[in-house]
Amino acid sequence: MWQAIRENPRAVMYAVLMHLILLALLVFSLDWTPKISHPPGIKVPIEATLVDQRQLDAVEERKQAEQQRIEEAKRQAELAEQRKVEAQRKADLEAKQKAEQAAKQKVEAERKRKAELAAKKKAEQEAEQKAEQEAKQKAEQAAKQKAAAEAKKKAEAEAKKKAAAEAKRKAEEAQRREAEQALQSQLAAEQAGLEAARVQGVVAEYIGYIQERIQRSWLRPPGSPAGLSCVVQVGLIPGGEVARVQIVRSSGDPVFDRSVESAVYKASPLPLPPDAALFKHFRDLRLIFKPN
């Protein structure tokens, strides 16, 4: 009841006011005339007070109206109570839903937090494994690089050693070849000297033979003075045949010069050494013709 009064104070106030008005009407409608008491045994005539029927109808209408207002106020109070109950039920339902939602959110947040922690832990483990793997790979790479550097250094040392040995061998070989070449050159020079001397001797010998043969073929021109000489250029072909004769320094006596030319052609073929390699020394001879 008090809850209904708190929720609908205006309706309760109207209801109380109507009850007060009704009570006042009832009070004023009563007959407050004092009654004269009579001694016992004496019959008093009955006095009746006539009440206006309209007043009674008005009072009845007011009573009915008040009753309706009271019932309306009660109905409004019940409706207010129902609304309050419904609002409370709705509030409770909403609170329950909010609590459930909050619980779900909390569970979801906890699940998310655990998932994040698990993911973070997994990421940390993966990062640690990756770091360990990278460190291992770096160590292996460093070891490989060190081994490669040592192998390269060793190979370079071996290569330098081999190069030094090869250079030494080549130097010794070059020295040996130079010594051999010097010896061969010396021998060749000696041999060439001997050969040159031999060739020079053979050439000089056969030039003597040629001059002697030309001398035998020469006829002194009549009246030619004694002591004349000339230089004659003789061209030969293989076999000793005379190809050309030319006086390159005259004796001063044309007859003497022509007799020398005739003697050269007459002596053809001139004697040559049997070694054909020596023909180059006789291809173009310059002879001094001086009769004995």
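Values in this text are rule-based calculations from the coordinates and carry no lab data. These numbers come from a predicted model, not from an experiment.
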**OP:** With the Cα gyration tensor of the stretch 195-289 in hand, give its eigenvalues times 5 under a square root as the equivalent ellipsoid semi-axes, listed largest first in whole angstrom.
**Re:** 25, 13, 11
Original post:
Kirkwood hydrodynamic radius (Cα pairs, Å) of the stretch 61-211?
Top reply: 29.4 Å
Original post:
For the stretch 159-247, taking Cα atoms only, what is the radius of gyration to one decimal and the Dmax to the nearest whole Å?
Top reply: 27.4, 92
